[in-house]
1. Order E12, E179, most accessible first, counting only protein heavy atoms with a 1.4 angstrom probe.
2. For the chain, what is the accessible area per residue in Å², given a 1.4 Å probe and the full set of protein chains?
3. May I ask you to order 112-122, 91-101 by the average number of other C-beta atoms within 10 Å around their residues, highest value first?
4. Can you tell me the mean projection area, over all orientations, of the convex hull of segment 102-175's alpha carbons? Units nm², please.
5. Indicate the helices, whole DSSP H runs only, in the chain that combine a mean Kyte-Doolittle hydropathy of -1.0 or more with a Cα extent along their long axis of 24 angstrom or more.
6. Counting residues in the chain as N, plug N into 2.2 N^0.38 Å and put the Cα Rg over that result.
7. Roughly how many percent of the accessible protein surface of the chain is carbon and sulfur, given a 1.4 Å probe and a whole-percent answer?
8. Collect residues whose amide H, placed 1.01 Å from N in the peptide plane, falls under 5 Å from the amide H of R4; neighbours closer than 5 in sequence don't count.
Amino acid sequence: MYTRILLKLSGEQLAGKFDGGIDTEFCQWLAGEIRQVQQAGAEVVIMVGGGNYARGAQLAGGGIKRVTADHIGMLATMMNSLALTDVFEEEGLPTRCLTTIFANQVAEPFVHRLANKHLENGRIVIVGGGSGRPYVTTDTAALILALELDCGVVMKATKVDGVYDKDPNEHDDAQKMDEMSYERAVTDGAIKVMDNAAMGMAMEHKLPIIIFDALKPGNILQAAKGVPVGTKIS
Ligand code: UDP
């Protein structure tokens with residue numbers, strides 16, 4: 001069992017059955033899954049993406065600067081964090097939303113000691129704003145956060161059940177890999193699970209990454225227990 005885990009959720013996952021916005025039913029279900037992880041003894045940090053509202057790289061252009069587009073993306077992650085925090089609390093899961101961008105009226109600032117304190121006091125910590133800096137995604141922000149908070153693993157939730165040697169949607173003979181090296185994740189062009197900035201950080205600091213289907217009931221708990229699910233990159 002990992003004692004502290006970082007779960008990375010994309011905006012698309014939070015949108016659930018909708019094309020955009022937030023699927024509160026999915027968030028309620030997720031609260032139940034996270035509760036199991038907490039009851040099993042792990043502290044849980046969640047980094048949320050914002051792709052259900054905005055992605056900087058797509059938004060930039062037509063007069064919108066890349067930095068501004070990324071700011072908009074960061075605000076999108078904030079919206080998700082706030083909503084998820086409310087749903088978790090409504091479901092009886094003590095949760096705090098911390099933000100890496102200045103938004104004192106809206107959420108507590110991300111302060112290392114404060115985040116640790118919340119986790120030690122049995123609260124789920126949801127971080128909005130990514131890293132607070134442009135030109136990176138929440139995958140990279142998740143890696144930084146996991147290192148900063150001494151998480152034993154980064155669990156990245158995806159639509160598929162792991163990493164395949166080629167795109168399973170296009171190739172019938174695509175093989176799922178249970179384990180993969182950081183080197184392969186960075187160098188194999190057919191494998192795109194996380195951006196290289198994130199993977200490079202994981203490799204440098206030997207922080208394992210699990211790519212898995214978080215929508216399968218019990219899977220988050222299994223992964224937190226160290227039971228092989230999805231693909232482990234180490
Ligand atoms: N973003 C950023 N810095 C960060 C994290 C996110 O600038 O540290 C911006 C970036 O524009 C990104 C957007 O926020 O595209 C939303 O995050 P992401 O694309 O990672 O969301 P996901 O695809 O996981 O839903």
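The values are calculated or read from the model by the stated rules, or taken from the named source; none is laboratory data. As the structure is a prediction and not an experimental result, all values here were calculated from the model. Here Cβ is always computed from backbone atoms with ideal geometry, including for glycine, and neighbour counts include all displayed protein chains. In case anyone asks, the SASA skips ligands and DNA or RNA and just uses the protein heavy atoms, side chains included. Shrake-Rupley method; radii C 1.70, N 1.55, O 1.52, S 1.80 Å.
1. Sorted descending by solvent-accessible area, the residues read E179, E12.
2. On the way: 11150 Å² over 234 residues.
Value for the chain: 48 Å² per residue.
3. Working: 112-122: 13.6, 91-101: 19.5.
Final packing ranking: 91-101, 112-122.
4. Result: a mean projected hull area of 7.3 nm².
5. 66-90
6. 0.96
7. That fraction is 50 percent.
8. Residues meeting the amide H criterion: E43, G152.
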